[in-house]
Amino acid sequence: MLGSGAYVAVSTHLTPLKYFAIRHPEIKTASMEFDLATLSPTFRVIEGVPGRSNAFVIAERLGLPGTLIDRRVSPSPPGRSAPKTSSTNSTASANPR
């Protein structure tokens, strides 16, 4: 797609795809800011910062038993990093220069 000159927007939680975007000079990364206090997006885009999933923080605050969350957070399957919390969720867009 990069060779075709197309503009593409991608939203992902896949860490390898985020790493690819960070390392590739023709791809811009961005995040959607997320307010953990209100459990809602702020709709503020933060360019240059790939985001992280807040799924486990949200699940815990909405009442999912901590034992289920702890079981998923550790250990992670081979080839995948453990989920982390942050104030952003991920998006990436290809932008030919």
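The values are calculated or read from the model by the stated rules, or taken from the named source; none is laboratory data. Given the structure is predicted, the values throughout are model-derived calculations rather than measurements. Quick reminder, even Gly has a Cβ in these numbers, built from the backbone with ideal geometry, and neighbours come from all protein chains shown.
For the reader, a short list of remarks on this structure follows.
- Tally, over the range 1-48, of residues that are of a type in the set (A, V, I, L, M), touching a residue at least 60 places away in the same chain (Cβ under 8 Å) and surrounded by 12 or more Cβ atoms within 10 Å (Cβ to Cβ): 7
- Count - residues of the range 1-17 that are in contact with a strand residue (DSSP E or B) (Cβ under 8 Å, 6 or more places away or on another chain) and outside any loop (DSSP other than H, G, I, E, B): 5
- Some residue of the range 53-67 being surrounded by 11 or more Cβ atoms within 10 Å (Cβ to Cβ), under 27 Å from Met1 (Cβ atoms) and at pLDDT 70 or above: yes
- Residues in the range 18-50 that are farther than 27 Å from Leu62 by Cβ and outside any loop (DSSP other than H, G, I, E, B): Tyr19, Phe20, Ala21, Ile22, Arg23, Ile27, Lys28, Thr29, Glu47.
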